[in-house]
Amino acid sequence: MRRILVDHARAHLREKRGGGTPTLVLNEAIDCPEGRSFELIALDDALDGLAKLDRQQSRVVELRFFTGLSIAETAEVLGVSKATANRDWVAARAWLSRELMRGKC
Amino acid sequence: MAEPRVNARQVLVFLDMEPPPDPSASLDAKRWRQIGGVLNEALELPAGQRSAFLDQACGADASLRAEVESLIAASEQPVLLDAPVLAPVTATLTMEHAAAPLLQPGQVVSHYEIVRKIGEGGMGEVYQAIDKHLRRTVALKTILDAGVDWRGQGHFAREARAASALNHPNIVTIYEFNRADGLDFIAMEYVEGATLGKLLSDGVPLATLLDYARQAANGIAAAHAAGVVHRDLKPSNIMVTSAGAVKVLDFGLARQEMSSSNPEITKSLTLTGPGAIVGTPAYMSPEQVHGEPLGPASDIFSFGVMLYELACHKRPFQGKTALATLDQVAHHSPVSPAKLNPQVPPALAALIEKCMRKTPAERPASMEEVALALCELMQRPAAPTSSRRRWIVGGVSAVLLALGAGWWMERRTPLSYSIEAQKMTAGKPAGPPYIASPTETFQGGWRFRLHIVPPQAGFVYVVN
């Protein structure tokens with residue numbers, strides 16, 4: 001899901017810049033409005049960085065953000081306690097938030 | 001009857017594209033774990049107490065404290081992450097060894113009496129039942145997904161209605177969908193037989209499978225003409241009855257099924273909720289993968305994938321995970337059929353390749369075209385015009401086949417024949433021709449053509 005969405009975002013931006021690649025249009029049904037393309041790509045890069053520090057945390061983010069699962073659902077999928085999933089989420093979110101803010105400067 | 005029990009166990013499936021975790025923890029990772037731990041504890045405290053806590057937790061480690069403080073600040077900002085890209089998506093799988101069936105034999109739902117449970121799908125269960133009014137056997141499908149809007153005005157309801165209006169020998173007819181005793185259900189034609197997937201694994205010869213595929217194509221063409229796109233064509237959705245009739249199942253129903261008979265070949269995921277990508281990954285078209293609007297061309301792609309599988313006994317797209325498979329569908333060209341099976345006729349390989357073009361506009365223009373191509377494939381022309389292949393027309397009630405004298409005497413080379421039948425209205429073709437079984441019965445108004453391989457003189461007896 002993450003790969004497909006990010007590919008969409010990258011292709012969408014390529015197309016905006018007038019690239020020659022065929023257009024991949026994000027269907028409204030996927031509910032990912034245009035303006036998020038840049039953010040998605042930045043997030044994707046940041047997530048790669050997080051994965052090197054803590055793979056489980058990056059997976060938590062993928063599940064929560066790209067798939068929309070709750071903490072409880074994330075915990076169940078990963079086979080960890082809700083408390084662990086929540087701690088992972090909090091830490092990952094903080095780290096990514098900082099990364100994204102730094103990226104903007 | 002009480003509120004129906006949810007039969008399907010809700011299991012969340014993590015669509016995982018990442019390789020297995022790397023066990024070696026780097027220095028950065030260890031440090032991060034330490035930072036994360038302090039961060040979590042700090043955030044659990046009210047803001048006023050954090051400073052004191054950090055004094056204690058970080059001690060002399062200034063960089064640790066700096067890290068944690070900057071992260072605390074960052075976590076107080078709204079982040080992109082707070083709004084998930086997709087609304088919650090739930091994958092529902094029905095386990096093979098599920099709990100006791102929802103309905104019991106003898107139980108009555110509306111005017112149907114349950115006979116027995118015959119299967120399970122992602123949407124609910126399928127039962128054999130008897131229509132008490134019409135005294136006929138039906139298949140009753142229960143729908144457990146409360147989110148499905150069957151009877152409203154939405155897109156799904158409209159499609160369901162269009163699908164239920166379809167009436168074609170090669171499509172499973174839907175009789176009604178309704179609600180009784182708090183249970184939503186679909187009543188449809190009862191079909192007993194084997195799926196194309198099962199026949200494939202049973203070793204049925206390719207020519208026969210193609211014949212079945214062709215009949216399925218006729219049904220799909222009729223549905224397209226009525227504005228219904230199937231969206232989930234695959235070998236387990238095509239049934240061949242013991243009488244040799246081909247029926248396409250689950251038309252226009254956007255919810256998919258997990259076939260319990262052959263999980264390896266037909267595993268599918270049901271995704272519900274807005275933004276869901278619905279389909280069976282191995283058979284999905286590129287436009288389905290990308291979530292783009294679908295048309296008949298999408299069915300043609302899925303049909304091509306099926307033909308590929310029939311011809312090569314292997315799927316063109318098969319990744320380790322569902323997402324990997326979707327990625328292949330969207331971006332990769334499959335191994336050419338000729339490489340996997342040198343005996344594949346070039347015309348079939350070409351048809352498969354054309355159906356599976358990534359761009360919808362490059363595929364065959366219609367399912368009728370595909371059906372026709374399959375028909376031509378099976379004619380195997382040797383000496384074209386010398387064999388008598390004229391149409392025989394008439395009001396008939398049965399068609400029998402006999403061949404010239406030479407047949408009984410010496411037949412060294414295997415002989416195969418087929419009878420092509422086409423409905424006529426007012427002297428003009430009224431539908432696509434299809435291969436009839438030699439003992440099939442027709443009402444008036446049909447014409448027939450005999451195909452023999454290798455071509456020989458023969459007779460078609462038409463009996464009234």
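Please average, across the residues of B:318-327, the number of beta carbons from any other chain that are within 10 Å of each residue's own beta carbon, and give a whole number.
Mean partner-chain Cβ count within 10 Å for B:318-327: 1.
Give the calculated FRET efficiency between A:I41 and B:S51 to the nearest 0.05, with a Förster radius of 45 Å applied to their Cβ-Cβ distance. Don't skip to the end; give the middle numbers.
Numbers: r = 37 Å, r/R0 = 0.82.
Computed FRET efficiency for A:I41 and B:S51: 0.75.
Quick one: if you stick a label point 7 Å off each Cα along the C-beta vector at B:N178 and B:A29, how many nm between them?
According to this spin-label approximation, the distance is 6.1 nm.
Could you work out how far apart the two model spin labels at B:E113 and A:M101 are, taking each label as a point 7 Å from the Cα in the direction of the beta carbon, and quote it in nm?
7.2 nm
For B:V108, B:V126, which order do you get if you count the other beta carbons within 10 Å of each Cβ and list the fewest first?
Details: B:V108 14, B:V126 21.
Least to most surrounded, the residues fall as B:V108, B:V126.
I need B:L206, B:L249 ordered by Cβ neighbour count within 10 Å, fewest first.
Numbers: B:L206 19, B:L249 23.
Going from sparsest to densest Cβ surroundings: B:L206, B:L249.
Step through the table entries B:K354/B:K428; B:K234/B:K423; B:K141/B:K234; B:K132/B:K234; B:K141/B:K354; B:K358/B:K428, compare each Cα-Cα distance with 25 Å, and write down the pairs that go over it. Don't skip to the answer; put the middle values down first.
Values: B:K354/B:K428 30 Å; B:K234/B:K423 28 Å; B:K141/B:K234 19 Å; B:K132/B:K234 33 Å; B:K141/B:K354 36 Å; B:K358/B:K428 36 Å.
Cα-Cα > 25 Å for B:K354/B:K428; B:K234/B:K423; B:K132/B:K234; B:K141/B:K354; B:K358/B:K428; rest within.
Taking the Cβ of B:N170 as the centre, find all other residues whose Cβ is under 11 Å away and add up their charges (Lys, Arg: +1; Asp, Glu: -1). Please list the in-between numbers first.
Details: positive: B:R214, B:K247; negative: none.
Its environment carries a net charge of +2.
Hey, with R₀ at 41 Å, roughly what FRET efficiency would A:S70 and B:N167 work out to, going by the Cβ-Cβ distance, to 0.05? Walk me through the numbers on the way to the answer.
Details: r = 45 Å, r/R0 = 1.09.
Working from the Cβ atoms, E equals 0.35.
Between B:E41 and B:S336, what FRET efficiency follows from the Cβ-Cβ distance if R0 is 56 Å, with the result rounded to 0.05? Can you show the working numbers first?
Working: r = 59 Å, r/R0 = 1.06.
Working from the Cβ atoms, E equals 0.40.
Under a plain spin-label model, where a point goes 7 Å from the Cα along Cα-to-Cβ, how far apart in nm are B:A426 and B:A365?
That separation, rounded to one decimal, is 2.4 nm.
Within 10 Å of each Cβ of A:75-85, how many other protein chain Cβ atoms are there on average? Don't skip to the answer; put the middle values down first.
Values: counts 0, 4, 6, 2, 0, 0, 0, 0, 1, 0, 0.
Counting other chains' Cβ atoms within 10 Å and averaging over A:75-85 gives 1.
With 15 Å as the cut-off, how large is the P(r) tail for region B:194-254, expressed as percent of Cα-Cα pairs? Numbers along the way, then the final one.
Numbers: 851 of 1830 pairs.
Result: 47 percent of Cα pairs exceed 15 Å.
All of the numbers you see were taken from the coordinates with simple rules; none came from a lab. Predicted model, so just to flag it, every value in this text is computed and none were measured. Cβ sites come from the backbone with ideal geometry, for glycine too, and all protein chains shown count toward neighbours.
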